[in-house]
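The values are calculated or read from the model by the stated rules, or taken from the named source; none is laboratory data. Just so we're clear, the structure is a prediction, and the values are computed from it rather than from any experiment. Please note: Cβ atoms are built from the backbone with ideal geometry, for glycine as well, and neighbour counts cover all protein chains shown.
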Amino acid sequence: MELIKPKYRIRCEFGVCKNFANMTIKHSRLGIGGALNICSECAKGLMDLLKNEFKTAKKEEVVKADEDVETKKTPKSTKNKSE
Ligand SMILES: [Zn+2]
């Protein structure tokens, strides 16, 4: 994930927001068409939302995620190299 500044004046794409976007969130695997243009107001709202989400989810997932990481990572990285 990458946070870049929009090159043009572009509207925030977050719901019905009417502000101009002042940041673009781009996933490293997608082109610019897959990016999300969002204003700082919406970004803040999103940040708070995610913060709360991770705060509550963390307690339950810490143990689970620990087991999953090693089994999931190994087959994926070998597959990418053979392609
Ligand atoms: Zn917005």
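Name every residue in the stretch 1-16 that is part of a loop (DSSP other than H, G, I, E, B), out of contact with any Phe, Trp or Tyr (no Cβ under 9 Å at 6 or more places or on another chain) and at pLDDT 90 or above, in order of residue number.
Across the stretch 1-16, the qualifying residues are Lys5, Glu13.
Can you tell me which residue within the stretch 38-57, out of those that are more than 10 Å from the ligand (Cβ to nearest atom) and not aliphatic (A, V, I, L, M), is nearest to Lys5 (Cα to Cα)?
Quick first cut of the stretch 38-57, residues more than 10 Å from the ligand (Cβ to nearest atom) only: 47-57.
Adding the requirement that they be not aliphatic (A, V, I, L, M) leaves 48, 51-56.
Details: Asp48: 21, Lys51: 23, Asn52: 26, Glu53: 26, Phe54: 26, Lys55: 28, Thr56: 31 Å.
Within the stretch 38-57, the match that is nearest to Lys5 (Cα to Cα) is Asp48.
Can you pull out the residues in the stretch 5-27 that are surrounded by 10 or more Cβ atoms within 10 Å (Cβ to Cβ), aromatic (Phe, Trp, Tyr) and away from the ligand (no atom under 14 Å from the Cβ)?
Passing the criteria: none in range.
Among the residues of the stretch 17-28, how many are in contact with a Cys (Cβ under 7 Å, 6 or more places away or on another chain), in a strand (DSSP E or B) and not aromatic (Phe, Trp, Tyr)?
Final tally of qualifying residues: 0.
Can you pull out every residue in the stretch 28-49 that is among the β-branched types (Val, Ile, Thr) and surrounded by 15 or more Cβ atoms within 10 Å (Cβ to Cβ)?
The answer is Ile38, and nothing else.
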